[in-house]
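First up is the structure itself, then whatever we jot down about it.
The values are calculated or read from the model by the stated rules, or taken from the named source; none is laboratory data. Owing to the predicted nature of the structure, the values given are computational and were not obtained by experimental measurement. Note: ideal-geometry Cβ built from the backbone for every residue, glycine included; neighbour counts use all protein chains shown.
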Amino acid sequence: MDEQLTQSYGGWAAHFSNIFDDHLFDDKEYTFSVETHLRYGECPHEVIGLQPIKRDLCYYLKSMMVYRITDQDAYTEAIQIYCNINNGWGILGGLSTEKHIVYF
């Protein structure tokens, strides 16, 4: 749940985000629930992708999410888009993907 995302956007409910940083973990273990649409056929399965991202990319993506839900609202304050480029726009960052296939 993300308190900054006060409105729905792109089919996602308000306060929903699939991006979070690791401050929640702190050597703790969590169980995640994944809502999915089952793929039918000879081998019904689901592909779950995890993408660890750098903190800069997380901050950038979060600021873009907040911007998208407030850019048409004349009563909101300007949103500062996160940037890690001196005298520039955007971020320099990266991500990788780890995929898990769960067969049913």
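Among the candidates Y30, Y82, which residue alone is part of a loop (DSSP other than H, G, I, E, B), hydroxyl-bearing (S, T, Y) and in contact (Cβ under 8 Å) with a residue 12 or more places away in the chain? Unique residue meeting the criteria: Y82.
Let's see how each residue does on (1) in contact with a Phe, Trp or Tyr (Cβ under 9 Å, 6 or more places away or on another chain); (2) surrounded by fewer than 10 Cβ atoms within 10 Å (Cβ to Cβ); (3) part of a helix (DSSP H, G or I):
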| residue | (1), (2), (3) |
| --- | --- |
| L5 | yes, no, no |
| G49 | no, yes, no |
| Y67 | no, no, yes |
| T76 | no, no, no |
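Checked against (1) part of a loop (DSSP other than H, G, I, E, B); (2) of a type outside the set (A, V, I, L, M); (3) more than 15 Å from L5 (Cβ to Cβ); (4) modelled with pLDDT under 85, N87 passes all but a single condition, namely (4). Screening the stretch 1-46 for residues that are among the hydrophobic types (A, V, I, L, M, F, W, C) and at pLDDT 75 or above and picking the one that is farthest from L57 (Cα to Cα) gives C43.
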